[in-house]
Structure formats: structure tokens, C-alpha cells
Amino acid sequence: MSTHAEVDVSVVVPTYRRPALLERCLQALLAQTLAPRCYEILVVDDGHDEATRELVQSYAARALHPRIRYQRPSAGRGPAVARNCGWRAACAAVVAFTDDDTQPDAQWLQQGLATLLLHRDWVAAAGRVRVPRAPGAGDRPTDHELMTRGLETAEFVTANAFVWREALQKVDGFDERFLRAWREDSDLHFRLLQVGAVGRAPQALVWHPVRPERWGVSLRQQRNVFFDALLHRKHPRAYRERVRPVPPWDYYVIVALTLAAPGLALAGWPRLAALGLGVAAALVLRVAWRRLRVTSHEPGHVLEMLATSAAIPFLSVYWRLRGAWHFRTPFL
């Protein structure tokens, strides 16, 4: 069942300076129903953090099984680098991926491993992710919580994935140009599909609680779009079919009308400039309404949605065009 007689599945957990979240994940991994001798845990410290190293080594010293190993990438940064470091050091034929901010269900490894062993023709299987409501949460989720809930319907995410190590070798693992935790799992998914079938393991469950975030998290997330351009360059058809069928044209209209207004005013067409700004403002309100339609109407959240909706189109277009230029792809 494995390349080494020691274990049947190797769990790879990349982490970046979040020892409290990592400890919660480790406790869940140590409570698995799969026999401790059948799996190992590889924690890959992408942040080169001493507190993380001490935490992992303290857990590793407490018990012989499951074996817990601490690793640091020798070069490079980012979750793709960390995961490559982890799976390449893995002993087992099956590699299970999760993240430091998840809580794997007690039967996670047992169910995921059983699914791959049952479907030997699959190269990988995607498990199920559930996002629990935070204690004291209101009737409606925040925008950030709603974004996190997207993991529940994602086709393939490395928060919960089981992959044959041989398949990872065939596709050369993760593309390390994906420097953020964004689209590196989609890219791996699309490349795995080129070598075999990727199935589902619905009984292999991990919980992904919503992490607290500072005000304006949606603004910081716009930088992720830079890596959409890389995914588009590598898989243009799959990107349009599975990720985003059409560009956000309303964002481009908002940016174009806003940037054109000063020129129109200086050229002697102030009414036309005002009209353009009015249309841009209406489109911004439409963006805000789309975000608020199913999310919290608490005054602070409404204010955040209005303010960030005015800035998101500009940030999104900037990172889109920058990504298109950097990766030399006709991406909008």
C-alpha cells in the first residue's frame, strides 16, 4: 500500500507563522481513527519561525506514532514551495494535503485513503470542506465569511486533497510561481486531469473555521487576481469554463469612466464628465449591493462594503493588467 512499509499516507501541512492555528490542526490530526502507525505528519514551515519549530518538535517528542516531522524549504517562499517540499519528503504512496487553519474530522484520513484505494484508476480525490458559523455570528454572514464558504463548493482545494505520489511526480508537483495561497491548487487540479481522473471523497471531511480578519480584507485579496493571469495563461480554456466565464466588465467601465472624467472636464465637456462619474458611482453602488444582498446589514459591515466597493474595481483592474503583462497573456 505504500512505497515504505512504515506508513500508508503522508499528511503535508504547510504553515506560516500561525502556531496557535497549527496546534489546533495537529491536535485534530493526532485524533484520527486511522491507526497511528499508518500515517505520518510533515509540517513545512514556510515562515522559518522558531515558535513553530519548537511547537512541532514538542509534539514530535511526545509519541513515536504517528511520526511528526518538521521541515523548512531550503529555497523559495509560498504555499506551493512548502507543499512541494513536503510531498517530496513523504514516505507514503498517498499524500494528503491540508492547511494549518483547518480541523480535520476524526475519520478524515481513513475515509480519504479508503476512497483512493477503492478507485485505483484515480490520480487524486478531493475531500469535503465545511465552514462552521462562528459563535455569536449574526443571521447573515459577513462578506469575508461568505468568501471563506466558497471552499464548500470548490472543485478541488489543497485544504482537503488526497493525491497519489506517483501522480505528483508525473506533473512535477505545484508550480512555484504561484507565490500566494491562490490558484496553485486549481493549477495542480488541471494538470492532474491531464494524466488521469480526479474523483471525490465526500466522507473525508475537514472543517475550516473563518479566521478573524482586519477591516478591508477584500482590498488586500485583490492582489490574488495577479495569479489568475498565470492560471489563465497555462489553462485558458479551463479557466473560462471552470473559474470565471467572463471578465468583470463593470470594473473596467468604472475605471474607464472615472479616469476619463478629468480629461472631459478640461476639454470643455463638464456635463459629459459629470454623467460619466454618475454612471461610475451607480455601478459602484451596484457592486456594493451585490455584496450586501446576502451578507450582514450591520452598520459597520455596510460601511465597509460601501467603502471597499469603491476601491475594488481599481485594485482589481490594476492587478489584472499587471498579471497579464507579467505573464504575457491576453487576460482581462
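Of the residues examined, residue 120 is one that is surrounded by fewer than 19 Cβ atoms within 10 Å (Cβ to Cβ) and either within 16 Å of the chain's Cα centre (by Cα) or closer than 20 Å to residue 164 by Cβ (or both).
Of all the numbered requirements in (1) in contact (Cβ under 8 Å) with a residue 40 or more places away in the chain; (2) closer than 25 Å to residue 107 by Cα, residue 64 misses one, and that requirement is (1). Candidates 315, 257: the one that is more than 30 Å from residue 133 (Cα to Cα), assigned by TED's automatic domain parsing to the domain that holds residue 229, in contact with a Leu (Cβ under 9 Å, 6 or more places away or on another chain) and part of a helix (DSSP H, G or I) is 257. Applying the set (1) buried (at least 21 other Cβ atoms within 10 Å of the Cβ); (2) outside any loop (DSSP other than H, G, I, E, B) to residue 178 leaves exactly one unmet item: (2). Residues that are surrounded by fewer than 22 Cβ atoms within 10 Å (Cβ to Cβ) and not in a loop (DSSP other than H, G, I, E, B) within segment 55-86 comprise 55, 57, 58, 59, 60, 67, 69, 70, 71, listed in sequence order. Contact map, segment 310-332: residues that are farther than 28 Å from residue 289 by Cβ paired with residues that are of a type outside the set (Val, Ile, Thr) and not in a helix (DSSP H, G or I), Cβ distance under 8 Å, separation 6+ or inter-chain. Pairs shown: 324/330; 324/331; 324/332. Residues in segment 181-195 that are touching a strand residue (DSSP E or B) at 6+ places or on another chain (Cβ under 9 Å), over 17 Å from residue 15 (Cα atoms) and crowded, with 16+ Cβ neighbours inside 10 Å: 188, 189, 192, 193. Quick one: would you say residue 109 is within 14 Å of residue 207 (Cα to Cα), crowded, with 21+ Cβ neighbours inside 10 Å and among the aliphatic types (A, V, I, L, M)? Spelling it out, residue 109 is indeed within 14 Å of residue 207 (Cα to Cα), crowded, with 21+ Cβ neighbours inside 10 Å and among the aliphatic types (A, V, I, L, M). Sub-7 Å Cβ pairs linking a first residue in segment 269-292 that is in the same structural domain as residue 311 (by TED's automatic domain parsing) and more than 15 Å from residue 255 (Cβ to Cβ) to a second residue that is modelled with pLDDT of 95 or more and β-branched (Val, Ile, Thr), at least 6 apart or interchain, are 292/302, ordered by first then second residue. All of (1) touching a residue at least 40 places away in the same chain (Cβ under 8 Å); (2) among the small types (Gly, Ala, Ser); (3) closer than 19 Å to residue 239 by Cβ hold for residue 150 with one exception: (1).
Which count do you get for residues in segment 1-54 that are of a type outside the set (A, V, I, L, M, F, W, C), touching a residue at least 24 places away in the same chain (Cβ under 8 Å) and surrounded by fewer than 14 Cβ atoms within 10 Å (Cβ to Cβ)?
4
Summed over segment 123-153, the residues that are more than 24 Å from residue 29 (Cα to Cα) and exposed (fewer than 15 other Cβ atoms within 10 Å of the Cβ) give a count of 4. Scanning segment 194-226 for residues that are part of a helix (DSSP H, G or I) and free of Cβ contacts under 8 Å to residues at least 12 places away in the same chain yields one hit, 220. Looking at segment 230-247, is at least one residue of a type outside the set (Asp, Glu), in a helix (DSSP H, G or I), within 14 Å of the chain's Cα centre (by Cα) and within 26 Å of residue 18 (Cβ to Cβ)? Taking every residue of segment 230-247 in turn, at least one turns out to be of a type outside the set (Asp, Glu), in a helix (DSSP H, G or I), within 14 Å of the chain's Cα centre (by Cα) and within 26 Å of residue 18 (Cβ to Cβ).
The values are calculated or read from the model by the stated rules, or taken from the named source; none is laboratory data. Being a predicted model, the structure only gives us computed values, none of them experimental. Here Cβ is always computed from backbone atoms with ideal geometry, including for glycine, and neighbour counts include all displayed protein chains.
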